[in-house]
Amino acid sequence: MRNDKHAALYCRVSTDAQFEEGYSVEAQREMLTAYCVSRGIEHYEHYIDGGYSGSNIDRPELSRMVSDIKNGLVSHVVVYKLDRLSRSQKDTLYLIEDVLIPNGVSFVSLNENMDTSTPIGRAMLGIMSAFAQLERETIRERTRMGMKERIKSGLWRGGGKIPFGYDYDPEKGILVPNSDAPTVRLMYDLYLRGWSMMRIARYTGLKYERLAEQILKRRTNAGFIVYNGEEYRGKHEAIVSEKTYNDAMRLLDERSRGNLNPSKCLLAGLVVCGVCGAKMRYQKWGKSGYKIYCYSQDKGKPHLHRSENCDNCKIWADELENSVISDLFSMSAKISGGESPDTSADVSDLLSKQADKLTKKLKNLYNLYGETADEALTETISSVRAELESVKKRISTIEEEAKDGEAARERLKKLDTAEEAWEYMTQEEKQNVLRSCIERIVVTYDRTDIYYKMLTDGGG
């Protein structure tokens, strides 16, 4: 390795057209050598890339020159014209600012009369940098505007990280649920049933608890696209409903606010404000315990507000929980003790026989009309058809009520068992019992209405 530094004379041609005067390798060599002689530079070396484009810096002799610069062997880099080094302003600035200047190497371009060892040369470099920065910012702004318009139209931003549970369809420009989508739905279901993030992560095979939380928080799952803090309705299919997503976020907020222990939130997600209709949340209340109050009164959650003027009262959580549990088991005992015989099957049989008779009558009328084409029969046919449809609807309603009744009886059986084992159950098990039986709990000042899934009206 030589101890003295040398000037690096760089030449480049890419096509035969550039062998014209001033562009051929030989012409460039002569002018660069003459420059060194005129300046008294004795040590110089030529670096020649023949047949290489200036659109990138992936060139063998350029790479060798950069290596020599970093090894401290070069004092100057001299080119005939700036575009011989690179046709990309970005690459040119990179080579000058990130390779040459940090290693104490001056840059000279004969055609542009640029020499970074002089004040004027450095000023020219500054102007080049300013224009390059302007160009980058202009491109970035155009890209950002185009991206925003794309997202506003409901299309995915394209490329990048695809949310878990989706694939990207580049032809349609939208997200498409994949084989992991059922796992995402299950995660919301488990979380709303009281499971912890760690337990969900382990159950679904996720490596970290934090991943489970990140997946649940993504608005994409509910059919939205978030870009630069703004939210837009996407054209992709939602994995979960907006209600499911919002319920999960409320529960997440309740668990995280004030280090709230999720095991304390026995009625989380069930309590609704009777004044404004918003959900109600748990809040640590000093050393005395927890209170439940309306989300519309929570200044930190404006998106969950239903009314800015809600004046519903704050109630002690343990008092409401005890009241609900007492009412639940009391209601179960009343229904179980006074259960009336199920007559729906008898009514359904009678209606089915009536439907059969009407069907036969309608068939006879059609046959008669086909033989005589008497227009007077048209009104009778319409009347019988309407009566038959009415009977069929009544049969369908009774069948649905019978199914609901069976489901209610199953819940009551579970309740009988749950009441006996209540004091031995975990908080999570208690929450599951309550959620299986209660549709919602409406608190209106000092009044509480409990709406059960096995009943059509509420009590409280």
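The values are calculated or read from the model by the stated rules, or taken from the named source; none is laboratory data. Since this is a predicted model, take the numbers as computed values, not measurements. Positions of Cβ are generated from backbone atoms using ideal geometry, with glycine treated the same way; all protein chains shown enter the neighbour counts.
Evaluated against (1) outside the structural domain of Y166 (by TED's automatic domain parsing); (2) in contact with a Pro (Cβ under 6 Å, 6 or more places away or on another chain), T220 falls short on exactly one condition, (1).
Scan segment 165-209 for residues that are on the phi > 0 side of the Ramachandran plot and either over 15 Å from the mean Cα position of the chain (by Cα) or β-branched (V, I, T) (or both) and the total you get is 3.
Taken over segment 13-45, the criterion of being at pLDDT 90 or above, in a strand (DSSP E or B) and touching an Asp or Glu at 6+ places or on another chain (Cβ under 9 Å) is satisfied by E45 alone. Against the condition more than 14 Å from A7 (Cβ to Cβ) and in contact (Cβ under 8 Å) with a residue 40 or more places away in the chain, how does L125 come out, does it pass? So L125 does not fit the description; no. Scanning segment 263-320 for residues that are over 27 Å from D189 (Cβ atoms), in contact (Cβ under 8 Å) with a residue 40 or more places away in the chain and out of contact with any Cys (no Cβ under 8 Å at 6 or more places or on another chain) turns up G274, C313, I315. If I ask for residues that are loosely packed, with under 15 Cβ neighbours inside 10 Å and over 16 Å from M249 (Cβ atoms), which ones from segment 293-305 would you list? Of everything in segment 293-305, just one residue is loosely packed, with under 15 Cβ neighbours inside 10 Å and over 16 Å from M249 (Cβ atoms), namely K299. Looking only at segment 292-334, residues that are closer than 16 Å to A278 by Cα and either part of a helix (DSSP H, G or I) or basic (K, R) (or both) come to 10 in all.
Against the condition of a type in the set (S, T, N, Q), free of Cβ contacts under 8 Å to residues at least 60 places away in the same chain and buried (at least 19 other Cβ atoms within 10 Å of the Cβ), how does N246 come out, does it pass? Here the answer is no, as N246 does not meet what is asked. Considering segment 181-236, the residues that are outside any helix (DSSP H, G or I) and among the hydrophobic types (A, V, I, L, M, F, W, C) include one that is surrounded by the fewest Cβ atoms within 10 Å (Cβ to Cβ), namely V226. Listed conditions (1) modelled with pLDDT of 90 or more; (2) in the same structural domain as S86 (by TED's automatic domain parsing) are all met by A123, apart from (1). Only a single criterion out of (1) within 28 Å of R193 (Cβ to Cβ); (2) at pLDDT below 70; (3) loosely packed, with under 15 Cβ neighbours inside 10 Å is not satisfied by A421, namely (2). Scanning segment 32-80 for residues that are basic (K, R) and farther than 24 Å from D98 by Cα turns up just one, R39. Residues in segment 63-82 that are closer than 14 Å to Q28 by Cβ and either among the aliphatic types (A, V, I, L, M) or surrounded by fewer than 18 Cβ atoms within 10 Å (Cβ to Cβ) (or both) were compared, and the one that is nearest to the chain's Cα centre (by Cα) is L82.
Table: residues versus (1) within 30 Å of V275 (Cα to Cα); (2) modelled with pLDDT of 60 or more; (3) among the hydrophobic types (A, V, I, L, M, F, W, C).
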position	(1), (2), (3)
D356	no, yes, no
S383	no, yes, no
E387	no, yes, no
I395	no, yes, yes
E406	no, no, no
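For residues in segment 235-266 being of a type in the set (G, A, S) and modelled with pLDDT under 90, which is nearest to the chain's Cα centre (by Cα)?
Per the stated criteria, the residue is S256.
Could we say that I174 is surrounded by 17 or more Cβ atoms within 10 Å (Cβ to Cβ) and touching a Lys or Arg at 6+ places or on another chain (Cβ under 7 Å) here? When the stated conditions are applied, I174 passes them. Does D91 qualify as being surrounded by 15 or more Cβ atoms within 10 Å (Cβ to Cβ), touching a helix residue (DSSP H, G or I) at 6+ places or on another chain (Cβ under 9 Å) and of a type in the set (D, E)? Here the answer is yes, as D91 does meet what is asked.
Table: residues versus (1) at pLDDT 75 or above; (2) in a helix (DSSP H, G or I).
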position: Q133; (1), (2): no, yes
position: T138; (1), (2): no, yes
position: R142; (1), (2): no, yes
position: M145; (1), (2): no, yes
position: K148; (1), (2): yes, yes
position: I151; (1), (2): yes, yes
position: R157; (1), (2): yes, no
position: I162; (1), (2): yes, no
position: K172; (1), (2): yes, no
